[in-house]
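One structure below.
What follows is calculated from the coordinates using simple rules that are stated; it is not laboratory data. A quick note: this is a predicted structure, and the numbers were derived from the prediction, not measured. Note that we place each Cβ from the backbone using ideal geometry, even for glycine, and neighbour counts take in every protein chain shown.
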Amino acid sequence: MRWPKHHRFVRTFAMAVGFSLTGLVAINLVIDPYGAYRLVSIPSFETYRDEQYVAVAERFRHSRAKTVVVGSSRVVDGIDPAMCDQTGPPICPVAVRGTAWKEQRDILKHLIDHPQGPQQVVFALDLDTVFRKSRPSDFEQSRFSSSLRTIDYHSQNLLSLHSLKQSLDLISHALSTTPRIDDQIEQRVQQKGSYQVFRSQLSRQIDMHQPATTVQRIHDSVVELEQLMADAERQKISFKIVFLPIHALSYEKLNRQGYGECLETLKRRVTNICSIHKVPLWDFTGYTEFTTECVPKPEQRDEVMHWFYDSDHFTPELGKQVMSCISQNIRSVPAETRRNLDALGTRLTAENIESHLESLRQQRVRYLSESPAELRLLDPNNPLQAFADHRPTESVNRYVQR
């Protein structure tokens, strides 16, 4: 039987579409840019996988980790799971850059409700998490979203052109051995030096809600956080909260932007609910010898800070100390380092929160009077003058040499 011409065209077109879709599915299934299927193990791809919500959710699903650390870019840059294996049980960082409270709340709920959920959740509650506005992301397309339908999820992973682009990008980066993420912070520090990276981050403006509107946001967030604590308790999941360290200049920046009282309110409210639910809470912010690490001079391009990449992101070396503190497992930490852990952070309770906040106020006054050079970095009109009378500190060198 001879097919009419238009029928032959339809059949040819249908075959072309079928082969194209088959090829598309095959590429996305084998390359697997989000790590959803893992039919083929290609270790070199792991380094270059996408680090947004879809991929992070899949990494948790396949990790079977007993401990997860939830947070944003500070967890991404400062908490190294390979290093933490030495100080406690294997962990899985569940973190995406720029995450706001709404996304972190839903991630925590997903982890707590997950049938094969973790035994322990460490929530890194950044000081600006509650203040930061949500930004467009792939959160709704990830397993973290409660409204995600299975058919939609696999369709977008296997049949979308966006997934194809991600697959081709993954191949390209793996072959060229260039980092997938454009803002790999460690590479930026090596290329530009600590001063340039630190100064750039300190002058960066984050899209946050105004201080006058954050009081209600703090109240709403703490109410939701308390509900998550109760849910974790029912699921017999150990829950810990930590305010991760930021450089003293970044802490001072938040104070100067009018968030000082908001920060105290947040710490006070979180401490209260943690005391009620017996949830351990640590505060690593403030003005310690770690967070007041001296910023190199502009001409010291090759000098790299030991504890911080920039004003907001600490190094894995400091992250190791933080994890040692909150895990209360410091036997693997050198004795000389162990002596400094008490100076790193404070375990907050209902009994010591007010004295802790008062101590931070006093430390701030002392820092303002003793660090005029560093504080001039907060003046965008004259950043170089910050080092006219640069006052070096020996705290880091003394610590490293011990």
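Numbers at a glance
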item: Residue exposure sequence - MET208, MET15, MET323 - by fewest surrounding Cβ within 10 Å; result: MET15, MET208, MET323
item: Residues HIS62, HIS247, sorted so that the one with the fewest Cβ neighbours within 10 Å comes first; result: HIS62, HIS247
item: For a label point 7 Å along the Cα-to-beta-carbon line of VAL40, residues of the stretch 143-172 with backbone N under 18 Å; result: 157-160, 163-172
item: Residues ASP32, ASP312, ASP128, ASP379, sorted so that the one with the fewest Cβ neighbours within 10 Å comes first; result: ASP379, ASP128, ASP32, ASP312
item: Cross-link pairs LYS133/LYS165; LYS109/LYS278; LYS109/LYS320; LYS66/LYS320; LYS267/LYS320 - those with Cα-Cα distance over 21 Å; result: LYS133/LYS165; LYS109/LYS320; LYS267/LYS320
item: For the stretch 273-332, projected area of the alpha-carbon convex hull averaged over all directions, nm²; result: 5.7 nm²
item: Contour excess over end-to-end distance, with Cα ends at SER355 and LEU378 and 0.36 nm allotted per residue; result: 5.5 nm
item: Cα shape, the stretch 83-159, gyration tensor, a/c 1.5 rule; result: oblate
item: Reach of LYS253 by Cα under 14 Å, taken over aspartates and glutamates that are not fewer than 8 positions away in the same chain; result: ASP128, GLU261, ASP310, ASP312, GLU374, ASP379
item: Net length gained if the chain between SER176 and LYS192 were fully extended (0.36 nm per residue, minus Cα distance); result: 3.6 nm
item: Whole-number Å³ per residue for the convex hull built on Cα positions in the stretch 34-153; result: 115 Å³
